[in-house]
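Structure record follows, encoded as structure tokens.
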Amino acid sequence: MKKLLLTAAIVATGFAFAEDAAKNTSAEAEVQVEEKDDPLFWGFGNYGMYSGYQLYGSLLNSEPTLQGYVEGNINMSVRGWDLGYVGIGTWCNTDLTDKRRRSYGKAFNEWDPNVHYGKTFWFDDNNKWGLDYRTSFIWYYYPHRRHNHMWGSTATTMDWNHSFALLNPFVVPFLDWVHEYHENNADLLQFGLKRACNVMDSLTLTPSVTFVYRDHRYNWCFPTAGFTEFHNGGMATMKFMLEANYKINDYFGLFAKVAYCSVIDKDLRDAADHGSGADYGKYKDFAWGGFGVTFNF
């Protein structure tokens, strides 16, 4: 259930935004398009250092971590029909301090593999307006987790996610629906606006604002009094983020991001003030960021 996984997943669905060039209708351009069809196999990844571990606007670990993601995809087409793509990916985390070692271990203490399908439904011939969709099954595995009676013997949880984005030349609205079906049968909605701006040929800046709604069963994961009570559902957090991506060449790049997150639910803020928010609910307002490398293949 990682925010960075959800960020990587959105990038993978092909957010072209306003910078996608309109297709040339000349005969010569049509030939060039045919010669540059999407590859059968493609993928991407990233790895970087972060100031903490942030999940849906909540801070799980306030000390530095290493986090990375990689996925591979296969494009599908039948008789010229674009049927989207299918793929697999995995996200991992390593804590750089001993803060959570007693409960989670330290090095490579979380692996989140996924299988996914995605497709963009274009509304125009120039591929400027469209609905981008992606669905993913995600398994969250904690190989060094110390179990207790609330979690039983499990070392994993599972999500079924759906991501939507309305692509257009202006500002892109997006919505992610996260359904946790293994432990709590809980639901979370993450929605907001983002805009990719080409500052120069190799540099893109993407500001965004995101809001998170959690139902009462999902808020059990972010408790107000340990793991002893269910919390009412509601608007839980908000996040302002600025992300920069610098393209070195067709295969490698650099990224940096900074964000300000705030818990906006009154009861969750009160729990943080009184120290009863457990690991996931102690920080109600915080800045967070990271930097690293990206790669494509």
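What follows draws every value from the coordinates through simple rules; no lab data is involved. Bear in mind that the values here come from a model prediction, so they are computed numbers and not experimental data. Every residue, glycine among them, receives a Cβ derived from its backbone with ideal geometry; neighbour counts consider all protein chains shown.
Quick notes on this one:
- Simple spin-label estimate for residue 249 and residue 295 gives 1.3 nm between the two label positions (7 Å along the Cα-to-Cβ direction from each Cα).
- Restraint check, 99/257; 99/284; 106/194, Cα-Cα greater than 30 Å: 106/194
- Model label sites at residue 195 and residue 101, defined 7 Å from Cα along the beta-carbon direction, differ in position by 4.7 nm.
- Surrounding net charge for residue 285, when Lys and Arg each add one and Asp and Glu each subtract one, Cβ distance under 12 Å: +3
- Summed residue charge, Cβ within 11 Å of residue 98's Cβ, Lys/Arg positive, Asp/Glu negative: +3
- Cα-based shape type of region 75-203, given that a ≥ b ≥ c are square roots of the gyration tensor eigenvalues and the cut on a/c is 1.5: prolate
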